[in-house]
Each structure stands twice: as C-alpha cells, then as structure tokens.
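The values are calculated or read from the model by the stated rules, or taken from the named source; none is laboratory data. From a predicted model like this one, the values you see are computed outputs, not experimental measurements. Using ideal geometry, Cβ is built from the backbone for each residue, glycine included, and neighbour counts are taken over all protein chains shown. Ligands, DNA and RNA are stripped out before the accessible areas are found, and what is left, the full protein with its side chains, is counted by its heavy atoms. Shrake-Rupley method; radii C 1.70, N 1.55, O 1.52, S 1.80 Å.
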Amino acid sequence: MERSLGAGKQKEYVGFATLPSQVHRKTVKKGFTFTLMVAGETGLGKSTLINSLFLTDLYRDRKVPNAEERISQTVDIIKHTIGIEEKGIKLRLSIIDTPGFGDAVNNTASWKHVEDYIDQQFEQYFRDESGLNRKNIQDNRVHCLLYFISPFGHGLRPIDVECMKALHVKVNIIPLLAKADSLTQAEVHSKKLKMRDEIKQFGINIYQFPECDSDEDEDFQRQEQILKDSIPFAVIGSNIQVDSKGRRFRGRSYPWGVVEVENPVHSDFLMLRNMLVRTHMQDLKDVTREIHYENYRAQCIQSMTRMMVQERKRSNQSATDFLLLFFQLRKMQEVLERIQEQMQQSQRGTC
C-alpha cells in the first residue's frame, strides 16, 4: 500500500533521484557493444558506406574477386571489430561482412550462410546465459542487417525477397537503395514506393520504428514519421574529400556536378547514420533481445522439452519391455520346472 509523505516531510531529500546517474556511470564504465551485418551483391558500395558511416577504413586489404572467381564463389562470413571512443563513451563495433552474397550463377539458398551465422550467435549466447559464469557474457548477437538493393532493377529481385523472408524473424532488417546517385530524384521516389509495396505484398517484416508516445514533442514525432516514410533509405557512400566553392566535404565529383554524401537533398545517408548511431541503436538492441532472441530461446526450450518427454517415454517403454521380458522368462522357467517334474515322476513309475 502506497503512503504519501506528510506536508512537512515532502521537502526532505532521500537520494534515490541519483539512480539514473548511478546507472549511467556503471553503463559508461562497462561500455557498449553493437553488431551490424551487411549483405548485398558485389559492387553496391557496402564497404564504402560502412567506412563512411563510422569514419573508418575496415577494408584496406580487401581483394576484389574477378569475374572468373565470382562464378564459383561461395558466401563468406568476415567479422571486423573496432573500438570507438567518443566523448568518453566506448563502443565495441562489430561489422559482419558477407562477400560473395548474390554473386554466383546459382544463388539458391545463398543466404543460408547468413542465417546459420545469426543462429550460431543466438546459440552461443543461450549457452553462455545458461552456464555457471554469467557475469561476463559477450553479446555477439546481430542487432541489425543492412540489406543493399540494386538500383538497376525494377524493384526487389527474387533473391531479395527470399533472403529477407528467411531472415526477418531472426534480425532487424533495414533495406537500403544502393548507389542513389545513379538515379534521378523522381526515380528514387518511384523505386521507394514500389519497394515498400513489394515488401508489404510479400509479407516481409522489416525493422519497425517504435511508435511515439502521446507526450512526445511534435518535432520528435515528425522526425520519426520522416524515417518511416524514407524506407528504403537511398544512400551514397564516399571516403574521398572533395573541394567545391571553398568547402571541403566527402562526396563524388561528376562531369555534371558534385554529390555530397552528407547532404540530405542528395541522399538519406545522414538520416541513416543518425538513426543507427544517435536515435535507434538501443532500440535495435532491445528488439533483438526481447523479440528475435526470445523467439529463438523459446524454440530451444520447446525443443529441449520435447526431447525430455520423448526420452521419458522411451525410458518408460524400456522399463515396460524389461518387465514383460522378465515375466515371460519366469513363465518359461515355470513351464520347464513342470516338465522336469513330470519326467521325474514318470521315471519313478517305471522303476
């Protein structure tokens, strides 16, 4: 039963108002982790975009396969982990790259390697969580999948549909319209509409931005609605510094002009980076933990329960079979004893 303080005691300070500060200090000391996976065919600018997003150079030693190598190439899983510190906040960022995805002649189930990797991280976390030492569990679960869609088609390709449908129950999918500088603004708009319709038509569950509370300010609600209306994000990446009109910025120079990576008029790059890093990183982690991982965990527990029930049934069946065999042997032994007794009686009668 709750009891309010008296009028004379309302001004007294207990101290629990410092709890948020205590949690903040503890969390900052521990640091943060985030795992981002990228998937899409070669040539869509995945590496360039990742380097642009986090101002790093993760792919300096990467070898681009030639046409002959790509024919028989299989999907690889390559993990890059870097430590980033900004204003005293530490982030352990893991980038999971999938070179070879969608590059083979036959791409049937090419996403299986990606699906297996996501499941393996869930399995490892489940084992660690169920173990004896749970204080220092490392969270390597994939929190977000950036799925790159080619701008040169007429919408989603069959491999895009099948891949996203296979993975949408395991990871937060954020679709990206790659190389947006190869399209006019009208083409970008029409392709976005078509892709959103196809995502809905094929029943693909991409990452859903959380609904705003009624007490949120109007500016925040407007920004959230802009994010929802911008899916798939039309992105451009570049690590080249361009000089134009006395300014220096990352962009691409063409005969007809200059494209600025971080200019909202030219692409959704800045919107994507703000969403990933500044506004929705924690929500992506929460959805991974509360929905995708919990679904996996529930399936594991159900599977373990079924196995225990089956084992118990087998054990009961084994016990029943043993008892039946025991009684059959006893019955056969009794029959043999009666036969021996009758033979002995007949022998005594003839003597």
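Please work out which residue is least open to solvent (accessible area, probe 1.4 Å), limiting yourself to region 147-186 and to residues that are over 24 Å from residue 110 (Cβ atoms) and out of contact with any Pro (no Cβ under 8 Å at 6 or more places or on another chain).
Taking the candidates together, the pick is 181.
Step by step: first the residues of region 234-243, then only those that are in a strand (DSSP E or B) and open to solvent by less than 30 Å² (accessible area, probe 1.4 Å), then the one that is farthest from residue 44 (Cα to Cα). Which residue is that? Talk me through it step by step, then tell me what you get.
Our first condition is that a residue be in a strand (DSSP E or B); within region 234-243, this holds for 234, 241-243.
Pick out the ones that are also open to solvent by less than 30 Å² (accessible area, probe 1.4 Å) and you get 234, 242.
Numbers: 234: 12, 242: 21 Å.
Filtering first and then ranking leaves 242.
Considering only region 254-273, state which residues are over 30 Å from residue 34 (Cα atoms) and surrounded by fewer than 13 Cβ atoms within 10 Å (Cβ to Cβ).
If the condition is that a residue be over 30 Å from residue 34 (Cα atoms) and surrounded by fewer than 13 Cβ atoms within 10 Å (Cβ to Cβ), then 254, 255, 256, 257 are the ones that fit.
Is it the case, given these coordinates, that residue 250 is more than 19 Å from residue 176 (Cα to Cα), surrounded by 15 or more Cβ atoms within 10 Å (Cβ to Cβ), of a type in the set (Lys, Arg) and at pLDDT below 90? Break it down stepwise before answering.
Working: more than 19 Å from residue 176 (Cα to Cα): yes; surrounded by 15 or more Cβ atoms within 10 Å (Cβ to Cβ): yes; of a type in the set (Lys, Arg): yes; at pLDDT below 90: yes.
Spelling it out, residue 250 is indeed more than 19 Å from residue 176 (Cα to Cα), surrounded by 15 or more Cβ atoms within 10 Å (Cβ to Cβ), of a type in the set (Lys, Arg) and at pLDDT below 90.
List the strands (runs of 3 or more DSSP E) that sit entirely inside region 1-112 and contain at least 1 residues that are at pLDDT 70 or above and of a type in the set (D, E, K, R). Give the steps one after another, and end with the answer.
On the way: elements: 32-39, 78-86, 89-97.
Fully inside region 1-112 and qualifying: 78-86, 89-97.
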